[in-house]
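Engineer: Just dropping this structure here.
FYI, it's all coordinate maths here, none of it is from the lab. These numbers were taken from a predicted model, which means no experiment stands behind them. Positions of Cβ are backbone-derived with ideal geometry, glycine not excepted, and every protein chain shown enters the neighbour counts.
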Amino acid sequence: MTWIGLLIALAGALGYALGAALQQYEAVAEGASLRLVRRPRWWIGGVIGFTGACLHAVALSLAPLVAVQPISVATLVFAVPLAAFLYGRRPYRAEILGSIAVAVGLLWLMMLVPEHNVPPRLGDGAAIGFIAVIGLITLVTQLMARRVHGPAKAALLSVGAGAVTASVSTFVRVVGGGLEGDLGRLAHWFTLAIPLLLVCAVVLLQRSYAVGYFGIAYAGVQVIDPITSVLAGAILLGEPLPTAPSTAIPALLAGALTIGGTITLGRLAPDHRPARTGNEPAPVPVSATSDAS
């Protein structure tokens, strides 16, 4: 059953990556506006991404988290080449190396977090405070994003999207983990908060995609989401954080690897949807032509 779970997780990771790439392709063309709902490709990307997320949930029921999580983190490695393919080019070497660095660094950090099997409990006051903090983070990043352009704008918008996505994960963890076989516990405002927060996360994600820097936008969400979820689990749900001195150096190395990969992705030029005329060249990395493959 473990191998079946891993295969399902791989299919889910590919689906989530393809869905994100398709939606970003349309967001660059139309912007983060209601015009996206008239784009069949955007809807197809959303359905594929949602299916990938559902497959990931199924995989967790068949295989242990430590086996499924590496495949889930690898969505970044799948998503960047898929996005390049949609724009009719091969992925740059810097994209591949940056994606791998972020995925490996993030996975390393997640593996340092101790396991915690106690059912999660969250009070109403703490939940409202948590939403308020997430809202403040989102507001600040949105305002700061208005003052910058390029990869910095995409990164700031992805921070807000990742924070809201983490709030969805946190409430799903509280609702799902607190059921304990009693479906009556679904009758709580936490359950209603999940789809509302999910809609907000989708809107913010499209805004980060629309800037055109898919690598940095997708990586930003992939980094902020789990880190915020872990912090929320530790602060609100009493879940443990790594405290052993032996984890300090690995955590620093993993963090450096993640930051380095994110910076590498941020140095790439954006992709543009409009069709090229004549022999107009495709966008190339800002860093150097040698980064292209």
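Engineer: So how do 143-149, 261-267 stack up, highest first, on mean other-Cβ count within 10 Å?
Structural biologist: Details: 143-149: 12.3, 261-267: 22.0.
For the peptides 143-149, 261-267, the packing ranking is 261-267, 143-149.
Engineer: Then there is this: Kindly write out, for region 153-165 in residue order, the coupling ³J(HN,Hα) from the Karplus curve 6.51 cos²θ - 1.76 cosθ + 1.60 (θ = phi - 60°), rounded to whole Hz, with x marking Gly and Pro.
Structural biologist: 5, 4, 5, 5, 5, 6, 5, x, 5, x, 5, 5, 4
Engineer: May I pose another question? Apply the Karplus parameterisation 6.51 cos²θ - 1.76 cosθ + 1.60, with θ equal to phi minus 60°, to every residue of region 28-45 and state each ³J(HN,Hα) to the nearest whole Hz, in sequence, with x for glycine and proline.
Structural biologist: Computed from phi, the couplings for region 28-45 are 5, 6, 9, x, 7, 9, 5, 4, 4, 5, 8, 9, x, 5, 5, 5, 4, x Hz.
Engineer: Another question, if that's okay. Given H placed 1.01 Å from N in the peptide plane, which residues other than close sequence neighbours of E239 have an amide H under 5 Å from its amide H?
Structural biologist: Amide H neighbours of E239, under 5 Å, 5+ apart: A234.
Engineer: How would you order 191-202, 102-113, 227-238, 157-168 from highest to lowest mean count of nearby Cβ atoms within 10 Å?
Structural biologist: Details: 191-202: 16.2, 102-113: 20.5, 227-238: 18.0, 157-168: 27.0.
By packing density, highest mean first, the sequence is 157-168, 102-113, 227-238, 191-202.
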